[in-house]
Amino acid sequence: MSAPHRRQLGIRENLAQFSLLVLINAFVGGMVGLERAILPAIAEEEFALAARSAVLSFIVVFGLTKAAANYAAGRLSDRWGRRPTLIGGWLVALPVPFLLMWAPSWGWILAANALLGVSQGLTWSTTVVMKIDLAGPKQRGLAMGLNEFAGYLAVGLSALATGYLAARFGLRPQPFYLGVGFALLGTLLSVAFVRETCGHAAKEAAESGAPEPTLSQRAVFARATWADANLSSVSQAGFVNNLNDGMAWGLFPLVFAAAGMSLTQIGWLAALYPMVWGLGQIVTGAASDRFGRKGFIVLGMWIQAAGIAVVALGDGFTMFAGAAVLLGVGTAMVYPTLLAVIGDVAHPTWRASAVGVYRLWRDSGYAAGAVAAGLLADAFGLEAAVWSVAALTFASGVIVQLRLSEG
């Protein structure tokens, strides 16, 4: 490994590796997109799960395991390196599409989602940290925008493709053939071509002035959870963002089906939100480098709340599509900007660990959203569950407005 001082920081200076990591994160996103349009239908049609809380159990398992893996990924990346953590995440992903294809019971689906959550936590977190390492301090927003663009555009395209395949060939196994390709390509590219980026972080630390002592994991956890107003405010926003995404993932296909949408229409609606989210991040990530982070986060949370409210009011494809666009625009404003704030605030010596803690809380939101939305839907109906999440999302934006420093 070359010495840190010989490395260069910047996207252009590391374009080949940066572009490779963007491509790899597209395969990461494609893996989770396999489920977004059709797994609730599989739960109801093949396994006869009627209760909303039971249908959404796969998201609870995914969210909890991904949150834990995010936390581990940050620490492992700081201690053992980014590349081994990335490769390990892809190895965990390899059995997932086969389990989804041939699962004889819902328990096997839950096991597949546990593995998917671990894989997503290790791979996505590591690609985030590696791009922050390569980009340096001046282009963090752009780096995160490109990373999340690739991942969530792939989520949308994968959801669209699986919805189409399910409508033409059936719910299983054909839609999950895509996952076999995603997992194999992601693994091979990571093993053969990805290089370690810890040296870039060391270079940034050396150039940042007096080195800061490495913090314990307990200290990093405290800062990102409550002690630091900036870090903790973005952690809660990330939690609520993924809480509403968990609800959208699990409940929106049921809302759309109840409104008479076909499986193909549901596939389009499930794809539209992450596609707008993914494409929008190219603009919003870079814009936050220039205009500051806070406004994008606050307004983005409020636009998300508006989109969720429109779903509650909607009764046709056009209105649902408009809601999906609003939700995608709002999330595009929030997602890369929250990660850029972590990069701004955390010192390079403990940055990966801070990203891990943030992503622990953020992806715990999947499980919280699935549990809360499922229980509310069972008790009060789908519409009440959707309205509750809209109100919570708006309140999260208020918290950011009050606590986050402009930057």
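The values are calculated or read from the model by the stated rules, or taken from the named source; none is laboratory data. Keep in mind that what you see is a predicted model, and the values were worked out from it rather than measured. So basically every Cβ, Gly included, is an ideal-geometry build from the backbone, and we count neighbours across all protein chains shown.
A few comments on the model shown:
- Filter pass, G88 being outside any helix (DSSP H, G or I) and surrounded by fewer than 23 Cβ atoms within 10 Å (Cβ to Cβ): no
- Matching residues, region 357-397, being of a type in the set (D, E) and surrounded by 20 or more Cβ atoms within 10 Å (Cβ to Cβ): D363
- One residue from L231, L188, L178, L184 being assigned to a helix (DSSP H, G or I), at pLDDT 90 or above and more than 28 Å from N242 (Cβ to Cβ): L188
- The lone exception for L116 - which of (1) buried (at least 22 other Cβ atoms within 10 Å of the Cβ); (2) hydrophobic (A, V, I, L, M, F, W, C); (3) closer than 13 Å to L23 by Cα it fails: (3)
- Screening the candidates G330, G369, G356, G365 for the property of being at pLDDT 95 or above, small (G, A, S) and in a helix (DSSP H, G or I) yields one hit, G330.
- Residues considered: A202, A166. Of these, the only one that is out of contact with any Cys (no Cβ under 8 Å at 6 or more places or on another chain) and over 24 Å from T85 (Cα atoms) is A166.
- Taking the criterion of being farther than 24 Å from W102 by Cβ and outside any helix (DSSP H, G or I), the only residue of region 22-56 that qualifies is A51.
- Residue among G63, G10, G89 that is over 26 Å from A224 (Cβ atoms) and touching a helix residue (DSSP H, G or I) at 6+ places or on another chain (Cβ under 9 Å): G10
For (1) aliphatic (A, V, I, L, M); (2) over 22 Å from M275 (Cβ atoms); (3) in contact (Cβ under 8 Å) with a residue 60 or more places away in the chain, each residue gets a yes or a no:
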| site | (1), (2), (3) |
| --- | --- |
| V129 | yes, yes, yes |
| L134 | yes, yes, yes |
| K138 | no, yes, yes |
| L157 | yes, no, yes |
| R195 | no, yes, yes |
| A205 | yes, yes, yes |
| L215 | yes, yes, yes |
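- Of all residues in region 51-64 being surrounded by fewer than 24 Cβ atoms within 10 Å (Cβ to Cβ) and out of contact with any Asp or Glu (no Cβ under 7 Å at 6 or more places or on another chain), the one that is farthest from M261 (Cα to Cα): L64
- Members of region 234-263 that are among the β-branched types (V, I, T) and either closer than 21 Å to L382 by Cα or not in a helix (DSSP H, G or I) (or both): V240, V255
- Scanning region 244-266 turns up at least one residue that is modelled with pLDDT of 90 or more and within 28 Å of V357 (Cα to Cα).
- Scanning region 381-407 for residues that are hydroxyl-bearing (S, T, Y) and part of a helix (DSSP H, G or I) yields S388, T393, S396.
- Residue match in region 200-213 (condition: crowded, with 19+ Cβ neighbours inside 10 Å, at pLDDT 95 or above, of a type outside the set (S, T, Y) and in a helix (DSSP H, G or I)): no
- Residue among G141, G145 that alone is buried (at least 24 other Cβ atoms within 10 Å of the Cβ), at pLDDT below 90 and under 14 Å from the mean Cα position of the chain (by Cα): G145
- Boolean, D378 is of a type outside the set (F, W, Y), closer than 18 Å to M301 by Cβ and part of a helix (DSSP H, G or I): no
- Filter pass, V334 being in contact with a Ser or Thr (Cβ under 6 Å, 6 or more places away or on another chain), over 21 Å from P40 (Cβ atoms) and β-branched (V, I, T): no
- Subset of region 162-175 that is in a helix (DSSP H, G or I) and not hydroxyl-bearing (S, T, Y) - its residue that is surrounded by the most Cβ atoms within 10 Å (Cβ to Cβ): P175
- Of residues in region 283-316 being part of a loop (DSSP other than H, G, I, E, B) and touching a residue at least 60 places away in the same chain (Cβ under 8 Å), the one nearest to L382 (Cα to Cα): R293
- Residue within region 19-32 that is surrounded by fewer than 22 Cβ atoms within 10 Å (Cβ to Cβ), at pLDDT 95 or above and of a type in the set (S, T, N, Q) present: yes
- Any hit, region 278-287, residues being small (G, A, S), closer than 30 Å to K203 by Cα and at pLDDT 90 or above: yes
- Only residues that are within 19 Å of A305 (Cα to Cα), surrounded by fewer than 22 Cβ atoms within 10 Å (Cβ to Cβ) and small (G, A, S) were counted in region 252-279, giving 0.
- Flag if M319 is buried (at least 21 other Cβ atoms within 10 Å of the Cβ) and in a helix (DSSP H, G or I): no
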